[in-house]
1. When we measure straight from the Cα of Lys47, which aspartates and glutamates land under 16 angstrom away, once same-chain ones fewer than 8 places off are left out?
2. Please report, ordered by residue number, every helix of the chain (full DSSP H runs) that is 20 Å or longer along its axis going by C-alpha atoms and whose mean Kyte-Doolittle hydropathy reaches -1.0.
3. Here is the link list: Lys32/Lys325; Lys74/Lys94; Lys32/Lys118; Lys129/Lys319; Lys129/Lys311. Which ones come out longer than 22 Å on Cα distance?
4. Taking 30 Å as the cut-off for C-alpha to C-alpha distance, list the pairs among Lys56/Lys336; Lys284/Lys358; Lys56/Lys214; Lys377/Lys398; Lys56/Lys340 that go past it.
5. Please report, in whole Å, how far the alpha carbons of the chain spread along each principal axis, starting with the longest.
6. In nm², what is the average projected area of the convex hull enclosing the Cα atoms of the stretch 1-87?
7. Counting DSSP beta bridges with both partners in the chain, what percentage is antiparallel, nearest 5?
8. Scan around Leu75 for amide H atoms under 5 Å from its own, H built in the peptide plane at 1.01 Å from N, and keep only partners 5 or more places away or cross-chain.
Amino acid sequence: MAQLWGGRFTKQTDDAVFAFNESLSFDKRLYKVDIKGSICHADMLGKQGIISEQEKDDIIKGLNSILFDIEEGKLEFDPTCEDIHSFVEANLIKRIGDAGKKLHTGRSRNDQVALDMKLYTRDEVEEIKALVEELLKVILKKMEENTDTYMPAFTHLQKAQPTNLAHYLGAYFEMFLRDRDRLSDIYDRMNLSPLGAGALCGTTYPLDRDYVAKNLGFVEATHNSMDSVSDRDYLIETLSAISIIQMHLSRFCEEMIIWNSNEYKFVEMDDAFSTGSSIMPQKKNPDIAELVRGKTGRVYGSLMSLLTTMKGLPLAYNKDMQEDKEVAFDALDTVKDCLKLFAGMLDTVTFNKDVLAKSAMKGFTNATDAADYLVKKGMPFRDAHGVIGQVVLKCIEKDCSIEDLSIAELKELSDMFDVDVYDAISLKTCVERRLTKGAPGAIKAEIERYKTLL
Ligand code: ARG
């Protein structure tokens with residue numbers, strides 16, 4: 001296949017150069033958005049009288065037939081074409097002859113590829129947003145089922161204070177809600193069409209850029225042609241947003257892996273989402289959670305890669321920018337897989353409510369509440385903190401919990417203790433009476449609010 005730009009060359013491209021330069025092997029997945037953009041471009045060329053109505057109709061018909069044939073598996077990507085844009089154009093000319101040669105009027109591959117990547121990324125942002133919403137629904141369902149599942153909450157991975165599982169899961173709900181909204185923000189900011197920027201400085205043809213933009217679902221056309229062809233901010237923002245999603249998934253996975261361990265047994269993963277060991281017959285491993293945690297690295301890598309590619313690029317288009325594709329495609333594919341798999345895993349996990357509650361009762365998770373009890377009786381908090389410290393020491397000696405001490409034993413350390421202390425430091429009180437905004441006792445109201453957000 002001759003190159004689109006063969007005119008001023010006297011030699012064939014060296015094979016190794018072609019192989020190094022080509023992008024069809026990975027940008028072929030842009031065929032749909034490339035054709036969509038070309039159809040709208042041709043339609044506008046016709047409307048503006050830059051090509052005839054007949055030529056416009058022939059081009060659009062030809063492009064639609066190419067799309068149909070690719071989707072039906074009747075048209076293979078020709079590896080001698082440099083990129084998806086050359087492939088579609090060459091095929092169009094093969095199908096409709098001279099009219100096909102007019103498609104590229106007033107257009108460059110620079111604004112074409114800028115458009116294609118934006119259309120592709122915009123669709124991906126929508127798709128990922130929908131997957132985040134699916135995950136939010138699963139989390140919310142688990143929250144509703146677990147408003148009275150008591151468990152310990154941790155700081156430094158040490159038991160800190162008691163909570164309920166709904167509240168714990170609610171923290172992840174908040175994270176993924178921010179992720180969803182971040183994707184919406186990115187969508188709105190990127191929603192301007194670069195098509196018609198030409199190679200970099202626009203064109204003398206009377207293009208109607210806003211008309212094409214609207215037909216492609218953009219709010220309007222971009223405002224600076226040099227920026228239009230060299231802007232990949234929206235892609236960096238998207239990779240950044242999905243890196244944050246992966247970070248959230250990875251943290252959640254880490255919890256699931258710890259909770260699934262023999263020592264914790266807070267959860268039991270479904271057999272369908274676990275794998276075994278080839279040597280140790282007893283094993284049931286949380287491989288999916290580990291893989292999602294592991295794949296976070298490659299998504300971060302894509303962000304670093306593109307940031308570094310763009311760093312120091314002078315205006316406007318530079319071939320370096322072709323390097324945006326493989327890493328972005330890989331990262332977008334990865335985050336979609338991770339979101340789907342993780343949602344399935346969470347949906348099928350069993351929370352061992354008894355183990356969670358028992359664990360909440362051990363480890364002095366009610367020590368803060370015991371101190372607060374003394375404060376309510378009139379003791380300054382710092383003194384109460386000291387008294388409960390002594391209570392805890394005594395419990396460690398006796399290998400018991402605070403509520404296991406008799407009232408006489410408690411009175412030895414402070415005469416402010418009374419029998420009502422047992423109710424004040426019960427698991428139920430500790431969780432349900434934490435009614436401040438955002439606390440476990442207030443989770444039911446938050447669940448109602450979350451429902452309105454989905
Ligand atoms: N394959 C190229 C890319 O992805 C298309 C744009 C080529 N433009 C050019 N002037 N060489 O960036």
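Just so it is clear, none of the values below were taken in a lab; they were calculated from the coordinates. What you see is a predicted model, and the numbers here were worked out from it, not measured in a lab. Cβ placement follows ideal geometry from the backbone for every residue including glycine, while neighbour counts extend to all protein chains displayed.
1. Correct list for Lys47: Glu55, Asp57, Asp58, Asp208, Asp210.
2. Working: long enough: 31-47 (24 Å, -0.09); 53-71 (27 Å, -0.45); 109-145 (54 Å, -0.45); 165-190 (38 Å, -0.43); 233-259 (39 Å, 0.70); 287-310 (35 Å, 0.32); 324-348 (36 Å, 0.18); 381-398 (25 Å, 0.32).
Those that clear 20 Å and a mean of -1.0 are 31-47, 53-71, 109-145, 165-190, 233-259, 287-310, 324-348, 381-398.
3. On the way: Lys32/Lys325 15 Å; Lys74/Lys94 15 Å; Lys32/Lys118 13 Å; Lys129/Lys319 31 Å; Lys129/Lys311 28 Å.
As for pairs spanning more than 22 Å Cα to Cα, those are Lys129/Lys319; Lys129/Lys311.
4. Details: Lys56/Lys336 38 Å; Lys284/Lys358 24 Å; Lys56/Lys214 19 Å; Lys377/Lys398 26 Å; Lys56/Lys340 42 Å.
The answer is Lys56/Lys336; Lys56/Lys340.
5. Cα extents, longest axis first: 100, 52, 38 Å.
6. That works out to 6.6 nm².
7. Working: 9 of 11 bridges.
Percent antiparallel among DSSP bridges in the chain is about 80.
8. Ile70
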